[in-house]
Amino acid sequence: MDGIAARQATGIRENLRMDHITHESLLIRMQDIQDGQAWNQFHQYYRTLILNFARSRGCSGDMSQDVLQESMITLTKVMPNFRYDRVKGKFRTFLLTIVSSRIVDAFRRERKYQEWRTDDNEQTPTLENTAEEWVSNWEDDWEHEWQQHLLMHALDRVKKRVKPYIFESFRMYVLEQRPAAEVTASLDVSENTIYQHRRRIVSMLQQEVKAIKLEIGEM
């Protein structure tokens, strides 16, 4: 058993090392706008996040698609000269700056930026607010959306790695917060088994979260 555990630990370290290489190279590879694989990988991960965030700011479906497309276009212009420096901040903060600008542009085009008036909805600008003031409170919301997006990706990866009944017990007991007795009756497993599933998936989630952060340039 010690030998098996040692090999498993070595495998995990090797996977994390390769994830680190993939991550480090992604932002570098994106400096080449002809590297379709790198750009597709980036688009695949961030597409839903950008669309959801644009909608949460009040954009329509069409406006959100415009925000996504124009954010990607902006990135193709800035990435060739982009130099990632962790000391200066996270890449997602840099991305928020781009997405925020494209959202403001979308509202200006729709003539809603100057037309909407409300004191009740912080997401809607008024004449008294400049664009800078409007977006100044978005960072916390963006961070929350980003963390949720990260967790959903990690959950999806874990789901593919475990047997369906194991993930189902985790979904019912942890995600849906159903009583243990209800889960045991539904899945015909013991409470101890449910707790084991929870510990196992939480551990796997932590590994996947770390791997994803490495892949997309957030560690």
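Assuming 1.002 mPa s and 20 °C, estimate D for region 145-219 with Stokes-Einstein, Rh taken as the Kirkwood radius over Cα pairs, in µm²/s.
166 µm²/s
Pairs 90/210; 159/210; 77/210: which exceed 23 Å Cα-Cα?
77/210
With θ set to phi - 60°, apply the Karplus curve 6.51 cos²θ - 1.76 cosθ + 1.60 along region 48-53 and write out the HN-Hα couplings as whole Hz, x wherever there is a Gly or Pro.
Here the 3J(HN,Hα) series is 5, 4, 5, 4, 5, 5 Hz.
Only the coordinates and a few stated rules stand behind these numbers; no lab work does. Note that the coordinates shown come from a computational prediction; the quantities given were computed from them, not determined experimentally.
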